[in-house]
Amino acid sequence: MQMTVRDAARALSVAEKTVYRWIQSGGLPAYRVAGQYRINRAMLFDWATSKRINFTMDSDAEEPAVAPLPGLGLALQNGGIHYRVSGDTKENVLLSVVNLLKLPDQVDRSFLYEALLARERLQSTGVGDGIALPHVRNPAVLDITTPLVCLCFLEAPVEFGALDGKPVRILFLPISPTVRIHLHLLSRISFALRNPAFKSLITNEGRRDEIIAAAQALDPESD
C-alpha cells in the first residue's frame, strides 16, 4: 500500500513538515510520483520500528480500555496447527506461514510478511531449543478482530539466528487486534513453554487435540 505524506504523518502522529524533513534528510524512504511523495507502508513501518517511533493506522489508533484476554488454547484453535510446513530459509518459511494463516480478506498478507521480516531484521525471534516466536512489533497495523496463535512444525529445521545457535523447527505466530492482547499472548506462549509436559508435547510434535487440550489446561480460569 502506498501512502501520502499526510497518511504517513497520521500514522506516525507527527506534523507533515516533520515527515518532509525526515524524507529530505535521507532517512525516511520515499519517491516522487507526479511531483508528490509516495511512501510504501511496509517500508515506513520498517523505518519507524528501527527508529523506535510509534506506528498506528487511524482505524486502529483507539485501543479499547478493557478487552477480553484469550487463553492460549482458544488462540491456537483460532490460528490452527500445521505440520510439515515448507521452506529452506527464514524468509521462505515465514512466507509459507503467512499464507497458511486464517485471516480476514481485508488483511494485506504481503504487508504482514514484510512486517515480520522487519521485526526479524531488528532481532531474531528465535527463543532457543529450536523454537521461534515471529510477530509484528506493532499489532495496531493489522485490521483484525479475533486474536489467534498459529503453530507450525517445519518440514526441516531452518537457521533463524537464535541466541543459542540452534536451527528452528517450531514456530508460534501470534496475531492480535491490540497491543494488550499481543503482549498477553506472548506471555501465555512463554509461560506454556516453561511447562515440561507442554514443552515435551511440542518438541515431539503432538497431535492437534493434545496440544490444544494441554494449552487449555495451563490457561487461567479467568481467560
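Here Phe172, Phe160 are screened, and the one residue that is touching a strand residue (DSSP E or B) at 6+ places or on another chain (Cβ under 6 Å) and either outside the structural domain of Thr89 (by TED's automatic domain parsing) or assigned to a loop (DSSP other than H, G, I, E, B) (or both) is Phe160. Looking across segment 143-157, the residues that are under 20 Å from Ile212 (Cβ atoms) and in a loop (DSSP other than H, G, I, E, B) come down to Thr146, Pro147. When the residues of segment 1-57 are filtered to those that are buried (at least 16 other Cβ atoms within 10 Å of the Cβ) and among the acidic types (Asp, Glu), the one that is modelled with the highest pLDDT is Asp7. Only one of the numbered conditions (1) at pLDDT 95 or above; (2) closer than 30 Å to Ile53 by Cβ; (3) of a type outside the set (Ser, Thr, Tyr); (4) over 11 Å from the mean Cα position of the chain (by Cα) is violated by Phe172, and that is (4). Among the residues making up segment 200-209, those that are without any contact (Cβ under 8 Å) to a residue 40 or more places away in the chain and surrounded by 13 or more Cβ atoms within 10 Å (Cβ to Cβ) are Leu201, Gly206. Looking at the structure I just gave you, is Leu76 assigned to a helix (DSSP H, G or I) and under 23 Å from His184 (Cβ atoms)? In short, yes.
Can you name every residue in segment 80-106 that is within 17 Å of Phe160 (Cβ to Cβ), under 16 Å from the mean Cα position of the chain (by Cα) and either in a loop (DSSP other than H, G, I, E, B) or not assigned by TED's automatic domain parsing to the domain that holds Phe153 (or both)? Once the filter is applied, which keeps residues that are within 17 Å of Phe160 (Cβ to Cβ), under 16 Å from the mean Cα position of the chain (by Cα) and either in a loop (DSSP other than H, G, I, E, B) or not assigned by TED's automatic domain parsing to the domain that holds Phe153 (or both), segment 80-106 yields nothing. Residue-level analysis places Asp108 among those that are closer than 27 Å to Trp47 by Cα, among the charged types (D, E, K, R) and touching a residue at least 60 places away in the same chain (Cβ under 8 Å). Can you spot a residue in segment 136-144 that is at pLDDT 95 or above and either more than 20 Å from Asn54 (Cα to Cα) or in contact with a Ser or Thr (Cβ under 9 Å, 6 or more places away or on another chain) (or both)? There is no residue in segment 136-144 that is at pLDDT 95 or above and either more than 20 Å from Asn54 (Cα to Cα) or in contact with a Ser or Thr (Cβ under 9 Å, 6 or more places away or on another chain) (or both).
Take Arg10 and decide whether it is over 26 Å from the mean Cα position of the chain (by Cα) and either outside the structural domain of Gln106 (by TED's automatic domain parsing) or in a helix (DSSP H, G or I) (or both). For Arg10, the condition - over 26 Å from the mean Cα position of the chain (by Cα) and either outside the structural domain of Gln106 (by TED's automatic domain parsing) or in a helix (DSSP H, G or I) (or both) - is not met. State whether the residues of segment 179-186 include one that is farther than 17 Å from Leu76 by Cα, touching a residue at least 12 places away in the same chain (Cβ under 8 Å), assigned by TED's automatic domain parsing to the domain that holds Arg119 and surrounded by fewer than 20 Cβ atoms within 10 Å (Cβ to Cβ). Yes, some residue in segment 179-186 is farther than 17 Å from Leu76 by Cα, touching a residue at least 12 places away in the same chain (Cβ under 8 Å), assigned by TED's automatic domain parsing to the domain that holds Arg119 and surrounded by fewer than 20 Cβ atoms within 10 Å (Cβ to Cβ).
Considering only residues that are at pLDDT below 95 and outside any helix (DSSP H, G or I), which ones fall in segment 175-210? Those that are at pLDDT below 95 and outside any helix (DSSP H, G or I): Ile175, Ser176, Pro177, Thr178, Arg194.
The values are calculated or read from the model by the stated rules, or taken from the named source; none is laboratory data. Note that the coordinates shown come from a computational prediction; the quantities given were computed from them, not determined experimentally. Note that each Cβ is placed from the backbone with ideal geometry, even for glycine, and that neighbours are counted across all protein chains shown.
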